[in-house]
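Read the structure below first, then the notes.
The values are calculated or read from the model by the stated rules, or taken from the named source; none is laboratory data. Bear in mind that the values here come from a model prediction, so they are computed numbers and not experimental data. Cβ coordinates were reconstructed from backbone atoms using ideal geometry, including for glycine residues, and neighbour counts include every protein chain displayed.
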Amino acid sequence: MIDRNSVIGFLLLVLLVIGYVFYNNHEQDKYLEQKKATEAAAAKAKPAPAAAPAVVPVADSAKDTMQDNRPAAYRGTAQTVKLENKKLALEFSTKGAQPLSANILGYKTSSQQPLYLYNGKENELSAILPINNGAVSTKDLYFTPATRTDADGSQVLEFTADLGDGKTVLIAYKLPADDYMLDGSIRLNGMTANSLPVTWQMQAKHTEHDITAERNNSQVYYRFKNEDHDYFTIREDRTEPLNETTHWIGYRMQYFSTAFIADEGLSRGSIKVTNNLDTNHVSRQVSTFDMPLKSGVASFNWYIGPNHYKTLRQYKIDLDDMVPLGYGIMAFVKYINKWLIIPIFNVLSSFISNFGLIIILMTIFIRLILSFFTYKSYLSAAKMRVLKPEIDELRAQYKDDQQKFGMEQMKLYKSAGVNPLGGCLPTLFQMPILFAMYYFFPSSIELRQESFLWANDLSTYDSIASLPFSIPGYGSHVSLFTILMTASSLFLALYNRNMTSQDPNNPMMKWMPYIFPFILIGVFNQMAAALTFYYFFSNMISILQQFIIQKYIIDEKKIHAQLQENKNKPAAPSKWAQRIEEMQKAQAERGKKK
């Protein structure tokens, strides 16, 4: 138990400690006040040394004063300057004197918005200047703009950058009053060089209904000074060197193109591309090359506009090669398109505004042109049907000797005056037209956003239903024109089977006409409605032609009588039949030796 004296002693000890703390704090405050007074007196007697410039922050006004001492090209504020004619509305930035956007007038996106081929800071046209060991690029300089209108209505925009010490850069653009071709030049004053390293970068915007189709049609074309051409499709990240002096580099989207052209040529170039972008952009290209300087000037032209064959052809530098009218193993069909299909299309579209009706009239006209081959094909098929009973007898007679059967079959054809390939050759002559149409319709910008029947846009697929899932090789929509094309192809195959003799020894040929339409249905489901409608309507005309020819023109009784009469005549030598017969005899001899 704690006694009274112990409690009093503990309380006295606590009071003593508290008193000491207060006293100590009082003395510490008194000491600090005295120290501050002493330091203040010392400061009056001897000022403290100034702080280092790297540590002391500079006021904004001081920064502006420092920048004002630099040449005008290195300081400024970016502004936007516009050039516009009847076809293009272009925007440029005073920083870099380079393009910001290109609005192609007269066209809309699939969502009916103004159509910009490119728009944003990711687009660039810049040059490395021959000063400071290549450390200065025009894209980092600030230019002073000046605009004027020439007597011919051309809009001229001149950018000037003053680098000091008598060095200036002048970048000029001239936009004619009614053209897609922009003239340009880069002039150096006070700087000496033989060529100018240039970077041209562009990121194309998504403008069409199907971005997958846009990317599949995104290509780079280039024409060399020796007039050779080359191209590649942008399917992945890729860098392509240009080992020869290049006349122009073209960047093609599905229906719009841009091309950078230098009559003096582009050397030591390379093109880097990618389509791994967001859904607002199709692909991007970065081209680097050297432009020759003549008297300090590098001149160029710049096409920005529709991928329209007639428009591109007028420049006479093969820009029309960017319209894919046939390439690869089918390159020959582009001449059919250039000299037959396009002229017919242009004539019809000059006085008919409904493009569905134009396709109908084109189909009828082309089928009339090919009617001679169609008739010869059906006539040959009729001759083969007439000879079928005799062929069946030979097949039964020589069922164990196919080589002998083949030889006797050829003798029968020869004596009757029948060419076994008579039905195939006319069909082969029609195939180039079918392939030409395959390239023509999806490449025709005239069909873009033109409606017909239920198709809102003939340049893309007609969708009558959207599926809640995607079928591999088919897609997530249903194209009615594709279904009609497939159904008419099957009906035509069935009709031909009933009208054509069949070879029981070749079951693949028996079923291929029915399998083939189903193989292609997935491909054509993604194709332009104009193309699938053309094939459907062409099939319907074929069915009608075949019915009329078989019903009212070809008389199989007369054909049979003529063939029997031919057998009694001396057989005219046929080089083709002789060659086949000799091959069969040689094969038979080799079989005997074995």
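Values computed for the structure shown
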{"read-out": "Filter result (in contact with a strand residue (DSSP E or B) (Cβ under 9 Å, 6 or more places away or on another chain) and not β-branched (Val, Ile, Thr)) within the stretch 321-378", "value": "321, 322, 324, 327, 354, 355, 356, 357"}
{"read-out": "Hits in the stretch 256-287 - residues which are farther than 19 Å from residue 225 by Cα and either of a type in the set (D, E, K, R) or not assigned by TED's automatic domain parsing to the domain that holds residue 119 (or both)", "value": "272, 278, 284"}
{"read-out": "Residue list for the stretch 454-470, restricted to those being surrounded by 12 or more Cβ atoms within 10 Å (Cβ to Cβ) and either on the phi > 0 side of the Ramachandran plot or touching a residue at least 24 places away in the same chain (Cβ under 8 Å) (or both)", "value": "455, 457, 458, 459, 460, 461, 462"}
{"read-out": "Options 329, 336: the member that is touching a residue at least 60 places away in the same chain (Cβ under 8 Å), within 39 Å of the chain's Cα centre (by Cα) and within 30 Å of residue 219 (Cβ to Cβ)", "value": "336"}
{"read-out": "Residue among 131, 171 that alone is in the same structural domain as residue 295 (by TED's automatic domain parsing), in contact with a Phe, Trp or Tyr (Cβ under 9 Å, 6 or more places away or on another chain) and either among the β-branched types (Val, Ile, Thr) or without any contact (Cβ under 8 Å) to a residue 12 or more places away in the chain (or both)", "value": "171"}
{"read-out": "Filtered residues of the stretch 204-240 (kept if in a strand (DSSP E or B), out of contact with any Gly (no Cβ under 9 Å at 6 or more places or on another chain) and hydroxyl-bearing (Ser, Thr, Tyr))", "value": "233, 239"}
{"read-out": "Check on residue 346, more than 20 Å from residue 540 (Cβ to Cβ), free of Cβ contacts under 8 Å to residues at least 60 places away in the same chain and part of a helix (DSSP H, G or I)", "value": "yes"}
{"read-out": "Residue in the stretch 315-323 that is buried (at least 21 other Cβ atoms within 10 Å of the Cβ) and not in a helix (DSSP H, G or I) present", "value": "yes"}
{"read-out": "Test result for residue 238, at pLDDT 90 or above, surrounded by fewer than 19 Cβ atoms within 10 Å (Cβ to Cβ) and in contact with a helix residue (DSSP H, G or I) (Cβ under 6 Å, 6 or more places away or on another chain)", "value": "no"}
{"read-out": "Matching option when the condition is over 30 Å from residue 312 (Cα atoms), of a type in the set (A, V, I, L, M, F, W, C), assigned by TED's automatic domain parsing to the domain that holds residue 549 and at pLDDT 80 or above, among 370, 447, 428, 412", "value": "370"}
{"read-out": "Residue 399 being farther than 30 Å from residue 538 by Cβ and part of a loop (DSSP other than H, G, I, E, B)", "value": "yes"}
